Amino acid sequence: MILPSLLLLVSLALVGADARYTVRMLALPVEGTSPISMDYIAFDPATRFVWVPAGNTGTVIVIDTAGGPIKQIPGFPTAEMGTGEHKRVVGPSSVTAGAGSVYVGNRADSTVCAFDARTLARGSCRHLDSMPDGLAYVATTKEVWVTTPRDRSLVVLDAVTTAVKAKLTFDGDPEGFAVDARRGRFHTNLEDKDRTLAIDLETHKTVATWEPKCGEGGPHGLRVDSETGHLFVACSARAEVLDAAHDGAILSSIETGDGVDDLDYAQATHLLYVAAAKAGTLTIARDDSKGKLSLVGTVATVVGARNPAVTDKGVVYLAHSASSGLRDLVVATPPP
């Protein structure tokens, strides 16, 4: 189904920089009035589409950032989880893109399914032993790595067939993902242990364990600059840079406001984007050659906005959880 996009201009706000970002709400074409739950969203540079798993609606929204119509992939299973006041409806919640395909993880039925990146046609699906969380496409090995924290594991899928190639187990809960193809490493955190791991892509061995010192909340999202080896770690109220090319030392950090989950990084501009859901802000920082983060600006967004996906034009799409009460996607656009 193809529907026109609806854009509502909300505000202009950027503190600490000369430029000003436009913040707007992008209405998503799904039925109902209930808040929409989101977790990981992603920008596919090959098509310039942003993929938005809208979990509790059983739908994935595909946004053409070049101005084309918004498309929907409906029909994903949903399921109610939890008890009492903690009940929630889950469904598709994570996405990664690579080599002409896009992979969607669904918490409701513990599947990962492949879709054609342009036609949106469904390909193969794989049922996992545990609920998928984050997904990351690995181009060098033609694999999709899936964090499955409920049974403290990572699952490695063949990107062509979605067959399970390996299952890696840990003594903590994997959270976050970053692929350093240059060094042949996959990075994840053990959120409950306040540790960050480097895993060899070929041998699947953990080759380094570092301490980001995020505190009780633990580390969350990860991104990496494959040129410098700088690994960006999201703590609950700040972002850090670890020296993943060497000993994993903390090179710098920047305060972001509370409520950080995932983050994003544009290697071409060396800009890091960190959204704080509780603070309702988007922090933009620049990473230099020594791993020193400097503030570019702080954008006032919307309370609940988090987990940014940055396009090749520097436009930032922000997801949110159902508990935020939001239905629309938050979009922050840099000045021309």
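The values are calculated or read from the model by the stated rules, or taken from the named source; none is laboratory data. Keep in mind that what you see is a predicted model, and the values were worked out from it rather than measured. Every residue, glycine among them, receives a Cβ derived from its backbone with ideal geometry; neighbour counts consider all protein chains shown.
Yes or no, residue by residue, for (1) among the aliphatic types (A, V, I, L, M); (2) farther than 19 Å from residue 187 by Cβ; (3) touching a helix residue (DSSP H, G or I) at 6+ places or on another chain (Cβ under 9 Å); (4) at pLDDT 95 or above:
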position: 233; (1), (2), (3), (4): yes, no, no, yes
position: 238; (1), (2), (3), (4): no, no, no, yes
position: 261; (1), (2), (3), (4): no, no, no, yes
position: 265; (1), (2), (3), (4): no, no, no, yes
position: 274; (1), (2), (3), (4): yes, no, no, yes
position: 278; (1), (2), (3), (4): no, yes, no, yes
position: 291; (1), (2), (3), (4): no, no, no, yes
position: 299; (1), (2), (3), (4): yes, yes, no, yes
position: 306; (1), (2), (3), (4): no, yes, yes, yes
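Residue pairs, Cβ under 9 Å, 6 or more apart or interchain, first in the stretch 77-96 and under 16 Å from residue 322 (Cβ atoms), second surrounded by 10 or more Cβ atoms within 10 Å (Cβ to Cβ) and of a type in the set (Phe, Trp, Tyr). List them. Within 9 Å, the pairs are 91/76; 92/76; 93/40; 94/40; 94/103. Name the single residue that is nearest to residue 319 (Cα to Cα) among those in the stretch 20-34 being touching a strand residue (DSSP E or B) at 6+ places or on another chain (Cβ under 8 Å) and in a loop (DSSP other than H, G, I, E, B). The residue in question is 28.
The set of residues in the stretch 241-255 that are surrounded by 22 or more Cβ atoms within 10 Å (Cβ to Cβ) and either among the β-branched types (Val, Ile, Thr) or without any contact (Cβ under 8 Å) to a residue 60 or more places away in the chain (or both) comprises 241, 242. Does at least one position in the stretch 199-214 carry a residue that is crowded, with 17+ Cβ neighbours inside 10 Å and of a type in the set (Lys, Arg)? The answer is no; no qualifying residue exists.
Candidates 172, 184: the one that is within 16 Å of residue 221 (Cα to Cα) and in contact with a Leu (Cβ under 7 Å, 6 or more places away or on another chain) is 172. In the stretch 132-156, the residue that is surrounded by the fewest Cβ atoms within 10 Å (Cβ to Cβ) out of those that are in contact (Cβ under 8 Å) with a residue 40 or more places away in the chain and more than 13 Å from residue 186 (Cβ to Cβ) is 142. No other residue among 176, 172 is more than 18 Å from residue 94 (Cβ to Cβ) and surrounded by 16 or more Cβ atoms within 10 Å (Cβ to Cβ) apart from 172.
Within the stretch 114-133, being more than 19 Å from the chain's Cα centre (by Cα) and assigned to a loop (DSSP other than H, G, I, E, B) holds for 118, 119, 120, 121, 128, 129, 130. Within the set 188, 209, the sole residue that is farther than 22 Å from residue 132 by Cβ and of a type outside the set (Lys, Arg) turns out to be 209.
Table: residues versus (1) within 17 Å of residue 324 (Cα to Cα); (2) at pLDDT 95 or above; (3) among the charged types (D, E, K, R); (4) loosely packed, with under 13 Cβ neighbours inside 10 Å.
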{"site": "4", "(1), (2), (3), (4)": "no, no, no, yes"}
{"site": "8", "(1), (2), (3), (4)": "no, no, no, yes"}
{"site": "19", "(1), (2), (3), (4)": "no, no, no, yes"}
{"site": "25", "(1), (2), (3), (4)": "yes, yes, no, no"}
{"site": "44", "(1), (2), (3), (4)": "no, yes, yes, no"}
{"site": "62", "(1), (2), (3), (4)": "no, yes, no, no"}
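Considering only residues of the stretch 85-108 that are among the basic types (Lys, Arg) and not in a strand (DSSP E or B), which is surrounded by the fewest Cβ atoms within 10 Å (Cβ to Cβ)? Filtering the stretch 85-108 for residues that are among the basic types (Lys, Arg) and not in a strand (DSSP E or B), the one surrounded by the fewest Cβ atoms within 10 Å (Cβ to Cβ) comes out as 87.
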